[in-house]
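Derivation of every value follows stated rules applied to the coordinates shown; laboratory data play no part. None of these values were measured; they are calculated from a predicted model. A quick note on method: Cβ atoms are made from the backbone with ideal geometry, for glycine too, and the neighbour counts reach across all protein chains shown.
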């Protein structure tokens, strides 16, 4: 496995990892969903399923780093991508479906959390105003919008809850924007899902060692069965989010929009941002969960 950093993984490091994997593994296809608010690429890693010749076969979508403080999820997904590349190259695994990974949905927010307001460029004054210059708890994108509150899944209900909690505008966390899908990062992901045959999706967050698998009454066939397999593989607990985490998320929107299985996986335990030193232990439990997702295609 590539040597993994002992520092938080920011955009430049993600870009370097993606390029390294692309150069090392000819079967891997790299690309981008589009660009963030600050113009950063939303990198993608695509693993074709050669045993499935149908170009319209449902694919598995794996996403990470929706939140600035949760950069460790990018490291986890890129580590799994490398492990998968090695196993595919060795012929020790055959994919049942194509797989697309988006290792960092919110590169701007990750940069702001790690490097401070200056990383927001033309939005740096907004960041200062929203958090007083202290970005250690920053989760949102460069416009102060929490991307996992910005999806059109009971968004109006969530907006009322945010306002009741005193969140009225750009903030470090939990402001869902002025309208659903207001942010380019959200729109790119929504567009991809609407224009490609995504059969199942998973979003990696931190922390809690929990798996969320339904949204209100939305519980597609096989969702419970797959969720139990993921829990068995990782030792994580099946749970339901509550409070301001109940609506507006990517998993929520995907379930509501497509009625296909989708999961939020809260990795690790502790206080965000989880320390880089936690990476080996978290990965040890996440790798079998990821292979269980592949097996469930």
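Among the listed values (1) 0.97; (2) 0.94; (3) 1.07, the one computed from these coordinates for Rg/Rh (Cα atoms, Kirkwood Rh) is (2). Against the chain, whose longest principal axis comes from its Cα atoms, helix 223-234 is set at around 80 degrees.
Taking all Cα pairs closer than 8 Å and separated by 6 or more residues, the relative contact order of the chain comes to 20 percent. Can you classify the range 246-296 as rounded, prolate or oblate using the Cα gyration tensor, where a ≥ b ≥ c are the square roots of its eigenvalues, rounded means a/c under 1.5, and otherwise it's prolate if a/b beats b/c and oblate if not? Taking the square roots of the gyration eigenvalues as a ≥ b ≥ c, the range 246-296 is oblate.
Kirkwood-based Rg over Rh for the range 157-213 (C-alpha set), two decimals?
Across the range 157-213, the Cα-based Rg/Rh ratio is 1.03.
Calculated on C-alpha atoms, the gyration radius of the range 91-167 divided by its Kirkwood radius gives an Rg/Rh of 1.16.
Shape class for the range 182-297, computed from the alpha carbon gyration tensor (a ≥ b ≥ c): prolate, with a/c not under 1.5 and a/b above b/c. Each peptide among 31-38, 217-224, 151-158 gets the average number of other Cβ atoms lying within 10 Å of its residues, and from highest to lowest they stand as 151-158, 31-38, 217-224.
Working from Cα positions, state the angle (0 to 90°, nearest 10) between the long axis of helix 184-195 and the longest principal axis of the chain. Once rounded, the angle reads 40 degrees. Diffusion coefficient (Stokes-Einstein, Kirkwood radius over C-alpha pairs, 10 °C, 1.306 mPa s) for the range 1-133: 101 µm²/s, rounded to a whole number.
Here is how the number arises for the chain: DSSP H runs of 4 or more residues each give -39500 (n - 2.57), the sum is divided by the residue count, and the result at 222 nm is -11500 deg cm²/dmol. When DSSP beta bridges are restricted to pairs lying wholly in the chain, around 40% turn out antiparallel. Rounded to the nearest 10 degrees, the inclination of helix 155-164 to the longest alpha-carbon principal axis of the chain is 40 degrees.
Calculate the FRET efficiency for residue 222 and residue 57 from the Cβ-Cβ distance with a Förster distance of 25 Å, rounded to the nearest 0.05.
Values: r = 17 Å, r/R0 = 0.67.
The calculated FRET efficiency here is 0.90.
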